[in-house]
Structures are given as C-alpha cells and as structure tokens.
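Report on one structure; see the data block that follows.
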Amino acid sequence: MKRLALILLALTLYDARAQGRVGETLSGYIAPIQQDAETLALVNRINAARTESYQKLADSNNLPVDEVAKMAGQKLVARAQPGEYVKGINGKW
C-alpha cells in the first residue's frame, strides 16, 4: 500500500508543466526551471525515455537522433499550453 501511495504522489510531467517547474525546449528535451530534487528526478526520467524513443525512431527511419529530437522539440514547443514555459532560440524562457 505504501508503494501505491508513493506512485500516486509522484510528480507527473503534466503537473510539473502546470506548476511551472519544467519547460519544453527546441532540442526535444525538457529542462528544469525549479532545481528541487523531485523536479530534477522527473527531468532525468522523462529525458531518458525521450532519448530512447528518439533513438528508436532515428534507427527505423535512418536519420540522426539529433534530427529526430529537434523535430520533436519543435512540435512539443508548438503544442505548449498558455502559461507553460518554453525556451526559445534565444535561450530565454
């Protein structure tokens, strides 16, 4: 039961975006805005999963993984909801 409670309390990407703790970047990865342990752990977990997904797409389409990540980043930034952080090409939120 404790494990279930911890899972339910875990920070989600949706919550982190809504709380202004993370933002999307054009590189295809999220970046932390807040530097607390929970946010940083989420960033590491999400970015590792994205790297794996991008690599699979790159392999199956004979593309460089960086190109796949950048294409995804453009889409993710474009889909950001009002009030969510996105990092522009100037490096600013």
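The values are calculated or read from the model by the stated rules, or taken from the named source; none is laboratory data. Bear in mind that the values here come from a model prediction, so they are computed numbers and not experimental data. Positions of Cβ are generated from backbone atoms using ideal geometry, with glycine treated the same way; all protein chains shown enter the neighbour counts. Remember, those area values only see protein heavy atoms, side chains included, never the ligands or the DNA or RNA. Shrake-Rupley method; radii C 1.70, N 1.55, O 1.52, S 1.80 Å.
Lysine pairs in the chain with Cα distance under 28 Å, only those 8 or more apart or on different chains: how many are there? Intermediate results must be reported in sequence, preceding the final value.
On the way: Lys56/Lys70; Lys56/Lys75; Lys56/Lys87; Lys70/Lys87; Lys70/Lys92; Lys75/Lys87; Lys75/Lys92.
Pairs that pass both the separation and distance tests number 7.
At 222 nm, what helix-only mean residue ellipticity would the chain give, in deg cm²/dmol to the nearest 500, using -39500 (n - 2.57) for each DSSP H run of four or more?
Numbers: 4 runs with 53 residues, N = 93.
So the helix-based figure for the chain works out to -18000 deg cm²/dmol.
Over the range 19-73, with every protein chain in place, what whole percent of the accessible area is carbon and sulfur at 1.4 Å, could you tell me?
On the way: 1690 of 3020 Å².
That share works out to 56 percent.
What residue among Leu11, Asn90, Gln35 has its Cα farthest toward the positive end of the dipole of the chain, where the charges are +1 on Lys, Arg and -1 on Asp, Glu, each on the Cβ?
Projecting each Cα onto the dipole axis, the largest value belongs to Leu11.
Loop only per DSSP, at most 12 neighbouring Cβ atoms within 10 Å: give me the trypsin sites (Lys or Arg not before Pro) in the range 25-85, ordered by residue number. Don't skip to the answer; put the middle values down first.
Numbers: sites: Arg45, Arg50, Lys56, Lys70, Lys75, Arg79; in loops: Arg79.
Qualifying residues, ordered by number: Arg79.
Quickly work out the Ala10-to-Ser53 label distance, labels modelled 7 Å from Cα along the C-beta direction, and quote it in nm with one decimal.
So the label points at Ser53 and Ala10 sit 1.5 nm apart.
Can you tell me the order of 29-36, 15-22 when each peptide is scored by its average per-residue count of other Cβ atoms within 10 angstrom, highest first? Show your work: numbers first, answer last.
Numbers: 29-36: 15.6, 15-22: 17.4.
Most protected by this proxy first, the peptides run 15-22, 29-36.
Note down the magnitude of the dipole of the chain about its Cα centre, charges +1 on Lys and Arg C-beta and -1 on Asp and Glu C-beta and zero elsewhere, to the nearest 20 debye.
Numbers: 12 positive and 9 negative charges, 34 e Å.
Computed charge dipole of the chain: roughly 160 debye.
Quick one: net charge of Ala49's neighbours, Cβ under 15 Å, K/R +1, D/E -1?
On the way: positive: Arg45, Arg50, Lys56; negative: Glu24, Glu52.
Every neighbour counted, the sum reads +1.
Quick one: grab Rg to one decimal and Dmax as a whole number for the chain, Cα atoms only, in Å.
14.4, 47
How high is the relative contact order of the chain, in percent, with contacts defined as C-alpha pairs under 8 Å that are six or more residues apart? All intermediate terms of the calculation are to be shown ahead of the outcome.
On the way: 103 pairs, mean separation 32.1, N = 93.
That works out to 35 percent.
Below 8 Å, C-alpha to C-alpha, sequence gap of six or more: please give me the relative contact order for the range 28-74 in percent.
Values: 29 pairs, mean separation 20.9, N = 47.
Relative contact order of the range 28-74: 44 percent.
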